[in-house]
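One structure is given below, encoded as structure tokens.
The values are calculated or read from the model by the stated rules, or taken from the named source; none is laboratory data. Quick caveat: nothing in here was measured; it's all calculated off a predicted structure. Note that each Cβ is placed from the backbone with ideal geometry, even for glycine, and that neighbours are counted across all protein chains shown.
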Amino acid sequence: MRKTLLAEFTVKPGFETRVADLVADFGRLVRDEPGNLVFDVYTKESNPRAYWIFEVYEDEAAFRKHITAPYGRPFNAELTQMIEEDGSILTFLNPMEGRDQS
């Protein structure tokens, strides 16, 4: 079963450019991971400092490899200093089975 999540955070004022660069660099690494299917970054239209990152991995094993990748810890350590929350807020998602989602 695929592992799907939404990571949310809000950038502190003054760190917008650095976070955008950091997330872009991290995204390139994550998208190259063998088990990553989606790593899409969004900002809220009414507040571009509010980020949503939608991630999909082939399965739990692929997600576990992602969270233990050597570049994850440095990314999170730097990001945490520049966001309003203590860390990204993660929401794990399950597909709604048996329903037409079109």
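Filtering the stretch 1-38 down to residues that are closer than 20 Å to residue 74 by Cβ and among the small types (Gly, Ala, Ser), which residue is farthest from the chain's Cα centre (by Cα)?
Within the stretch 1-38, the match that is farthest from the chain's Cα centre (by Cα) is 20.
Out of the residues in the stretch 61-75 that are over 15 Å from residue 22 (Cβ atoms) and not in a loop (DSSP other than H, G, I, E, B), state the one that is farthest from the chain's Cα centre (by Cα).
So, considering only residues that are over 15 Å from residue 22 (Cβ atoms) and not in a loop (DSSP other than H, G, I, E, B), the one farthest from the chain's Cα centre (by Cα) is 61.
Kindly indicate the residue of the stretch 76-90 that is assigned to a loop (DSSP other than H, G, I, E, B) and free of Cβ contacts under 8 Å to residues at least 24 places away in the same chain and also farthest from residue 8 (Cα to Cα) among those meeting that condition. Don't jump to the end; show me each part of the working.
Just the residues of the stretch 76-90 that are assigned to a loop (DSSP other than H, G, I, E, B), to begin with: 81-82, 84-88.
Filter once more, so that each one left must be free of Cβ contacts under 8 Å to residues at least 24 places away in the same chain: 81, 86.
Details: 81: 15, 86: 11 Å.
The selected residue is 81.
Looking at the stretch 39-60, can you tell me whether even one residue there is over 14 Å from the mean Cα position of the chain (by Cα), in a helix (DSSP H, G or I) and either charged (D, E, K, R) or modelled with pLDDT of 95 or more (or both)?
The answer is yes; a qualifying residue exists.
Being among the charged types (D, E, K, R) and touching a residue at least 24 places away in the same chain (Cβ under 8 Å) narrows it down to one of 2, 64, 73, so name that one. Walk me through it before giving the result.
Details: 64 fails: touching a residue at least 24 places away in the same chain (Cβ under 8 Å); 73 fails: touching a residue at least 24 places away in the same chain (Cβ under 8 Å).
Result of the check over 2, 64, 73: 2.
Restricting attention to the stretch 11-38, report how many residues are surrounded by 17 or more Cβ atoms within 10 Å (Cβ to Cβ), in a strand (DSSP E or B) and of a type in the set (Val, Ile, Thr).
1
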